[in-house]
Amino acid sequence: MKELAFIFTFLFSIGFITMQAQEEPPPHSFKQSKKLLNGMWHIIATNCDELVNSDRDTVKLVFSDFKIKNNKMTFNESLIYYKSKTLKVQKALNLQKIQMQLNFIWTGKGNFDLFNRKWRVIASDSEGQRLEIQFIKTKKKFKAIAVITRNKNTTDQQLQDIVSYVAKSYLMPTLTSLN
């Protein structure tokens, strides 16, 4: 009987420890996601109307200030561009939608605080220098894709290869180069 009580206590302890461990995302996952996303990115191709139909000549995304909140990652985003030779900055907060996945809810700040948009990382190169992100369809917005890179200097052939790959893989045949 003592052995049975010991086994039960041991199993209960392991279950309790396991339940506690699942409350926080594993540190390596947060660190990997932060390392992948953190910093400045250049949008080199997209079919997102807001970017294609504007006079933005240098569009950059900056992801920063990563934190864990309610077991999900949050971080700030700044969309930086020039319009009519005037610097413009749109700020937002991104909240991880599903723990352990790179799905986010974008919420604007300031003049954009009424807007929310869902997006996710759908692909990355092996070095973490290029990401393809997808904006999920909402009531007023269509589904879109953007290709972002750490280095803005993408050759025409590299850009053509990337656009061709994205078009075939995600059935998005029309991506416009912003380079």
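Here are a few things to note about the model shown:
- When the listed pairs 143/168; 67/168; 60/137 are checked against a 26 Å cut-off, the alpha-carbon distance exceeds it for 67/168.
- For residue 78, the solvent-accessible surface with a 1.4 Å probe is about 30 Å², rounded to the nearest 10.
The values are calculated or read from the model by the stated rules, or taken from the named source; none is laboratory data. Keep in mind that this is a model prediction, so the values were computed, not measured. Remember, those area values only see protein heavy atoms, side chains included, never the ligands or the DNA or RNA. Shrake-Rupley method; radii C 1.70, N 1.55, O 1.52, S 1.80 Å.
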